[in-house]
Every structure is written in structure tokens, then in C-alpha cells.
Amino acid sequence: MIRMRRLTDYGIVLLAHLARNPARAPCNARCLASEAHLPVPTVSKILKALARAGLLVAHRGVKGGFSLARRPEEISMAQIISAMEGPIAITECSDNVPGICELEPWCPVGANWQRINRAVRQALENIKLSEMTCSLRGGFPPLVARGKILESRREQ
């Protein structure tokens, strides 16, 4: 099973909360923890990691906290996942680091794993934080293709 860690999932949730903040005012860990229903120490740990990766800016002082370093439309899921997990690679050999596997010279599937990894990484690059702030509880938003709005399927 390919799975990201729970902290990465929480990081995406916290960034979505910050992206929804229309004033883009800094939010502190306690406030974000309350909104996301997460423990404050966990939120603090995640916010520090995201700030180290350059996705958040830390503000000091009485009204300090964290804010997005860029607009939500400029932050990709690949950047967030890489910040929390490290390089995106489905297998060790798909990270393009030569010599990581002793079977590399004879492996018949290595090139295909690299191809799959590039597709996954590209898909994650194409999904922006701004898209993650939209709730799909009321159904999927209309799909747009070549300037035309298409009907989305809804369960009857």
C-alpha cells in the first residue's frame, strides 16, 4: 500500500485552513489546533516543518503565528508532500539515484517504475492547495473542459 504519514495529512489540513483565511493574517498553533481538532504540540511540529520548507512564514510577536509563504494557487500538493515526507518516490529506484539497488543493472522494471513515479509526481504538481480548500460534501463542482461547463455526475 502506498500511503503518506498521518502528519503529512494533518499538514495539508492545516495549510487548507490557512488558505481559507481571507485576510491572510497569521494564525498561531493554538488557533489552528482548535480549528483542526488536533493537539497543539502536533500542530506546532507540523508548522515548524512547513516553515523550514518555505511553505509558511513565521511571524513573531503578540499577533504572531504562521501564514502562507505564497498564494494557495502557487503551492502544489507535491511541494507539501515533499516538505513533510521527503522526495516523492514509489520505490527506491524510482528516485533516479544511481547505485541505490544492487539489482539495478539487471532490473527489467526499473524504467517503468521511474515512468510511474514521474506520472504520480506530475499529478501531485497539478493539484494546488487552493483546490484542496473546496469541500466536495455537496457534490463535485462542475467540470470545465475547453471553456465549456460539463455536468458532473451526481448520485441519484
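In segment 60-81, the residues that are within 18 Å of Val43 (Cβ to Cβ) and without any contact (Cβ under 8 Å) to a residue 24 or more places away in the chain reach residues that are buried (at least 19 other Cβ atoms within 10 Å of the Cβ) and not β-branched (Val, Ile, Thr) with C-beta atoms within less than 7 angstrom, at least six apart or across chains, in these pairs: Ala69/Leu55; Ala69/Leu56. Taking the criterion of being within 18 Å of Glu73 (Cβ to Cβ) and either over 19 Å from the mean Cα position of the chain (by Cα) or at pLDDT below 90 (or both), the residues of segment 3-22 that qualify are Arg20, Asn21, Pro22.
Report whether or not Arg20 is within 25 Å of Ala119 (Cβ to Cβ), in contact (Cβ under 8 Å) with a residue 40 or more places away in the chain and of a type in the set (D, E, K, R). Criteria not met by Arg20.
Only one of the listed residues (Ala49, Ala25) is hydrophobic (A, V, I, L, M, F, W, C) and either under 13 Å from the mean Cα position of the chain (by Cα) or surrounded by 15 or more Cβ atoms within 10 Å (Cβ to Cβ) (or both). That residue is Ala49.
Considering segment 1-16 alone, what residues qualify as being surrounded by fewer than 16 Cβ atoms within 10 Å (Cβ to Cβ) and not aliphatic (A, V, I, L, M)?
Arg3, Arg5, Arg6, Asp9
For segment 116-138, the condition holds for at least one residue, the condition being that it is more than 17 Å from the chain's Cα centre (by Cα), part of a helix (DSSP H, G or I), more than 30 Å from Asn28 (Cβ to Cβ) and modelled with pLDDT of 85 or more.
The values are calculated or read from the model by the stated rules, or taken from the named source; none is laboratory data. All values reported here derive from a predicted model rather than from experimental measurement. Ideal geometry is used to build each Cβ from the backbone, glycine not excepted, and the neighbour counts take in all protein chains shown.
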